[in-house]
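Working notes for the structure below.
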Amino acid sequence: MNDPMTQDLLQERLRRIPGVDQVLLRPRAVQWVAHTSRNFVVAEIQKLLQEIREALRSGNALADGSTDPDELDRALEERLKSRLRPALRPVINATGVILHTNLGRAPLSTAAQNCLSAVSSQYTNLEFDLKGGERSYRDALLEPLLSELLGCESAVVVNNNAAAVFLILNTLAPGKEVIVSRGELIEIGGSFRIPDILTRSGARLREVGTTNKTRIRDYEAAIGPDTALLLRVHPSNYRIRGFTHKPELRELASLAHSRGLPLVEDIGSGCLLDLRRFGVREEPVAQESLSSGADLICFSADKLLGGPQAGVIAGAASHVGAIRKNPLMRVCRVEKLIYGALEATLLSYRSGKALEEIPVLNMISMPAEELRIRTSRFAAKLRPRLPAGTLVDVVDGESVVGGGSCPDCSLPATLAAIESENPGPSAIEARLRAQDPPIIVRLEEDRALIDLRTVFPPQEAALLDGLLAALSPS
Ligand SMILES: *Cc1c(COP(=O)(O)O)cnc(C)c1O
């Protein structure tokens with residue numbers, strides 16, 4: 001760069017960079033100014049020109065052509081578009097992980113989507129009683145439906161299940177003891193730990209039993225004048241196998257009630273249907289927990305329930321009423337969009353159409369044969385268009401429920417496995433992420449695996465195009 005020739009060349013190239021005013025006069029820039037604002041376009045032109053200047057100075061060969069007017073137009077267009085593109089985007093989930101927390105957990109049903117669109121753009125009766133013409137409270141909308149579906153007296157909706165656990169403890173046990181088995185002091189991920197939430201709620205943790213075995217008499221011995229409640233937590237994302245014991249929920253309930261205490265169960269996933277026949281075992285069914293004697297349960301609405309992010313607290317009217325009066329309820333309340341999407345999701349349970357209409361349940365209950373046929377067809381479409389040296393195999397594998405539910409269960413699946421030397425598997429994975437829409441896949445034993453269980457059929461064409469683009473040799 002110290003070479004005088006190169007210096008001259010650099011100065012010459014820098015001189016060729018047009019001024020902001022010149023770029024502003026170009027037809028595309030004029031259109032952008034008309035559709036957005038002059039300030040926005042000017043600021044982006046300034047940044048673009050500055051980047052070109054820096055690239056030239058740092059000797060980046062790619063920058064050489066960047067002062068060409070057509071090239072400048074193209075770069076500006078690209079830049080303006082990307083600056084107005086939302087950072088939150090739809091992605092194609094080809095991982096086969098149904099409740100992928102990083103990918104937003106449950107996709108919503110068509111009914112929930114329609115409801116979102118209706119209640120988001122117009123006024124609603126969120127806190128208005130249409131019969132009496134008076135102010136009402138927002139939970140009045142969903143309480144009857146939740147109570148009916150769950151078979152309980154009362155229910156309240158909060159921001160998520162973490163908030164539900166916190167509010168329950170903060171309402172029923174401030175300054176008092178909450179008895180929990182050592183086998184249930186779990187971490188859900190993203191820093192949600194039962195002991196930490198419990199302490200922050202103002203309650204005191206009274207651990208009983210051991211990691212693998214907790215007996216009813218351990219609970220019994222721990223109950224004292226300071227005890228506020230017994231808490232059972234579903235160890236969603238882990239299982240203890242082997243030499244283990246924990247009391248049945250019924251036993252725990254009768255112990256609690258004989259001492260005048262409530263039993264609270266955090267069931268985690270919000271499973272409202274028995275999904276055992278599809279291979280989802282050991283997930284407590286909400287209605288069963290309540291009928292077995294839990295006075296209050298709480299769960300997420302965006303895990304197995306298949307709705308938007310929310311937490312549901314359900315059970316005895318006296319406890320739910322007390323929670324509703326807690327000033328922190330206001331901190332945890334949800335807005336109309338969530339009520340709308342949650343209600344639409346729950347209505348699929350009432351109509352008996354949940355397995356068909358709710359995407360998460362639809363994916364869980366997808367017949368193995370259907371997935372096999374879809375995958376074979378997809379592979380057959382892909383094969384003739386693949387670059388030389390790339391192979392697609394149809395293989396047996398497993399899909400995963402995810403979202404901290406059912407860590408031990410896997411759903412038998414048929415996958416498309418992609419093998420390629422150039423680009424290799426991790427390059428393919430990265431290139432797929434860079435597609436529009438981004439495609440997320442699983443890598444396993446040097447192969448990229450495509451699981452169509454979590455891909456919506458209308459996304460298959462974009463998946464195919466994205467794969468072909470990502471697989472072209474570099
Ligand atoms: C997932 C989960 C939570 C946290 O729920 P969020 O809705 O993510 O806040 C709490 N407890 C259990 C047992 C869970 O499985």
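Determine which single condition GLY389 fails, assuming it passes every other condition in (1) in contact (Cβ under 8 Å) with a residue 12 or more places away in the chain; (2) in contact with a helix residue (DSSP H, G or I) (Cβ under 8 Å, 6 or more places away or on another chain); (3) not hydrophobic (A, V, I, L, M, F, W, C).
(2)
Tell me, which residue of segment 420-454 that is under 16 Å from ARG89 (Cβ atoms) and β-branched (Val, Ile, Thr) is least open to solvent (accessible area, probe 1.4 Å)?
Applying the filter and picking the extreme gives ILE439.
Identify the residue in segment 143-169 that is small (Gly, Ala, Ser) and part of a helix (DSSP H, G or I) and, among all such residues, is nearest to the ligand (Cβ to nearest atom).
Result: ALA162.
Quick one: which helices (runs of 4 or more DSSP H) lie wholly within segment 354-456 and hold at least 3 residues that are farther than 13 Å from LEU468 by Cα and in contact with a strand residue (DSSP E or B) (Cβ under 6 Å, 6 or more places away or on another chain)?
Those helices (runs of 4 or more DSSP H) span 368-382.
Being buried (at least 23 other Cβ atoms within 10 Å of the Cβ) and within 13 Å of ASP302 (Cβ to Cβ) is the filter here, so list the residues in segment 88-103 that pass it.
ILE98, LEU99
Any idea which of (1) surrounded by 15 or more Cβ atoms within 10 Å (Cβ to Cβ); (2) of a type in the set (A, V, I, L, M, F, W, C); (3) part of a loop (DSSP other than H, G, I, E, B) is the one ALA253 doesn't satisfy?
(3)
Say we look at segment 149-198 and pick out the residues that are of a type in the set (Gly, Ala, Ser) and buried (at least 18 other Cβ atoms within 10 Å of the Cβ); which of these is nearest to the chain's Cα centre (by Cα)?
Applying the filter and picking the extreme gives ALA162.
Under 9 Å by Cβ, and 6 or more places apart or on different chains, what pairs join a residue from segment 113-138 that is free of Cβ contacts under 8 Å to residues at least 24 places away in the same chain with one that is among the charged types (D, E, K, R) and exposed (fewer than 10 other Cβ atoms within 10 Å of the Cβ)?
Taking only residues 6 or more apart or on different chains, the pairs are GLU127/ARG135; PHE128/GLU134; PHE128/ARG135; ASP129/ARG135.
Mind checking which residues of segment 430-446 are farther than 23 Å from ALA106 by Cα and modelled with pLDDT under 95?
Correct list: GLU444, GLU445, ASP446.
Taking ILE338 as the residue in question, decide whether it is within 15 Å of the ligand (Cβ to nearest atom) and out of contact with any helix residue (DSSP H, G or I) (no Cβ under 8 Å at 6 or more places or on another chain).
So ILE338 passes the test.
For (1) in contact with a helix residue (DSSP H, G or I) (Cβ under 8 Å, 6 or more places away or on another chain); (2) open to solvent by 80 Å² or more (accessible area, probe 1.4 Å); (3) within 21 Å of GLN11 (Cα to Cα); (4) at pLDDT 90 or above, each residue gets a yes or a no:
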position	(1), (2), (3), (4)
VAL30	yes, no, no, yes
SER37	no, no, no, yes
LEU48	yes, no, yes, yes
ALA55	yes, no, yes, yes
LEU72	yes, no, yes, yes
LEU80	yes, no, no, yes
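Could you tell me which residue of segment 304-318 is nearest to GLY402 (Cα to Cα), considering only residues that are within 10 Å of the ligand (Cβ to nearest atom) and part of a strand (DSSP E or B)?
The extreme case among them is GLY311.
All but one of (1) assigned to a loop (DSSP other than H, G, I, E, B); (2) within 14 Å of VAL158 (Cα to Cα); (3) of a type outside the set (Gly, Ala, Ser); (4) within 16 Å of the ligand (Cβ to nearest atom) hold for PRO327, so report the exception by its number.
(4)
Whether any residue in segment 13-22 is without any contact (Cβ under 8 Å) to a residue 40 or more places away in the chain and surrounded by 11 or more Cβ atoms within 10 Å (Cβ to Cβ) is what I want to check.
yes
Considering only residues that are under 14 Å from the mean Cα position of the chain (by Cα) and within 30 Å of PRO412 (Cβ to Cβ), which ones fall in segment 59-95?
Within segment 59-95, PRO90, VAL91, ILE92, ASN93, THR95 qualify.
Which of (1) within 16 Å of the ligand (Cβ to nearest atom); (2) exposed (fewer than 15 other Cβ atoms within 10 Å of the Cβ); (3) hydrophobic (A, V, I, L, M, F, W, C) is the odd one out, the single condition VAL400 does not satisfy?
So VAL400 meets the others, but not (2).
Have a look at HIS234, HIS245 and point out the one that is of a type outside the set (Phe, Trp, Tyr) and either within 16 Å of the ligand (Cβ to nearest atom) or touching an Asp or Glu at 6+ places or on another chain (Cβ under 6 Å) (or both).
HIS234
Which count do you get for residues in segment 206-247 that are within 30 Å of the chain's Cα centre (by Cα) and open to solvent by 50 Å² or more (accessible area, probe 1.4 Å)?
Matching residues across segment 206-247 total 5.
When you look at PRO384, is it on the phi < 0 side of the Ramachandran plot and touching a residue at least 24 places away in the same chain (Cβ under 8 Å), yes or no?
no
Select from segment 176-197 the residues that are within 10 Å of the ligand (Cβ to nearest atom) and part of a helix (DSSP H, G or I) and write down the one among them that is nearest to ARG232 (Cα to Cα).
Out of the qualifying residues, it is GLU184.
Search segment 408-431 for residues that are under 11 Å from LEU443 (Cβ atoms) and pair each with any residue that is open to solvent by 40 Å² or more (accessible area, probe 1.4 Å) and assigned to a strand (DSSP E or B) when their beta-carbon atoms are under 7 Å apart and the residues are at least 6 apart or on different chains.
Close Cβ pairs (under 7 Å, with a partner that is open to solvent by 40 Å² or more (accessible area, probe 1.4 Å) and assigned to a strand (DSSP E or B)) amount to ALA417/ASP393; ALA417/ARG447; ILE418/ARG447; PRO425/LEU443; PRO425/ARG447; SER426/LEU443; GLU429/LEU443.
Restricting attention to segment 319-345, and to residues there that are more than 20 Å from ASP302 (Cα to Cα) and open to solvent by 70 Å² or more (accessible area, probe 1.4 Å), which single residue is nearest to the chain's Cα centre (by Cα)?
ARG330
The values are calculated or read from the model by the stated rules, or taken from the named source; none is laboratory data. Everything numeric here is computed off the predicted structure, so don't read it as measured data. Neighbour counts run over all protein chains shown; Cβ positions are idealised from the backbone, glycine included. Only protein heavy atoms, including side chains, enter the accessible area calculation; ligands, DNA and RNA are left aside. Shrake-Rupley method; radii C 1.70, N 1.55, O 1.52, S 1.80 Å.
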